[in-house]
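Below is one structure; the comments refer to it alone.
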Amino acid sequence: MKCEEQLFNPGERHSSRDCQLQLGHAGHHEYFGQTYPRPVPAEPDPDVADLIERAARKSHAWDLDEMATAPGATQTKYRVTYQRVGRHGGRNGSPAPAPLTVWAVTADGLAKHIAKDVRPYILSSGAEIAVDLEALQVAEGGAA
Ligand SMILES: [Zn+2]
């Protein structure tokens, strides 16, 4: 299967040229020996990401899932501290699990990291691990 990216010369609005190389090729597109550079994507703009974050917080619409689908969504660093996990992580004088520092984009992603982290403290393999995101402390500015 061919790439078939339509190739334009400067100033052209229509073109009958399309890339002759295989689909998924690396480097520039090509039409009978003539190369056409790929468009360069714009760098993510931190000011735009800040604006989205501030607007979302102000309208109380802030949500990890929304962040994941919002333009400029980025991973956020979380520090998760445990009070107790199961019967052996922080109960009956045993120490609570060490805090977890983890990067996640969505709430689901964060929950999976936490579930994996606390798994050794859960004796029953059939136990369901519930993560209460309301109780988590999100570090401002992504630094924990
Ligand atoms: Zn191509």
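Please treat every number below as a calculation from the coordinates, not as lab data. It should be emphasised that the depicted structure is a prediction, and the values quoted were computed from it without experimental measurement. Positions of Cβ are generated from backbone atoms using ideal geometry, with glycine treated the same way; all protein chains shown enter the neighbour counts.
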- Message: Can you give me the distance in nm between label points at residue 98 and residue 119, each placed 7 Å from the Cα along the Cα-to-Cβ direction?
- Response: 1.8 nm
- Counted charge near residue 121, where neighbours are those whose Cβ lies closer than 11 Å (Asp, Glu -1; Lys, Arg +1): +3
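Would you mind ranking 14, 28, 113 by Cβ crowding within 10 Å, fewest neighbours first? Show your work: numbers first, answer last.
Values: 14 6, 28 13, 113 18.
Lowest count first: 14, 28, 113.
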- Query: Under a point spin-label approximation (7 Å from Cα along Cα-to-Cβ), what is the residue 26-residue 47 distance to one decimal in nm?
  - Reply: 3.6 nm
- Query: In what sequence do 122, 114 fall when counting other Cβ within 10 Å, fewest first?
  - Reply: 122, 114
- Item | Distance in nm between pseudo-label sites at residue 81 and residue 105 (7 Å out along the Cβ direction from Cα) | 3.0 nm
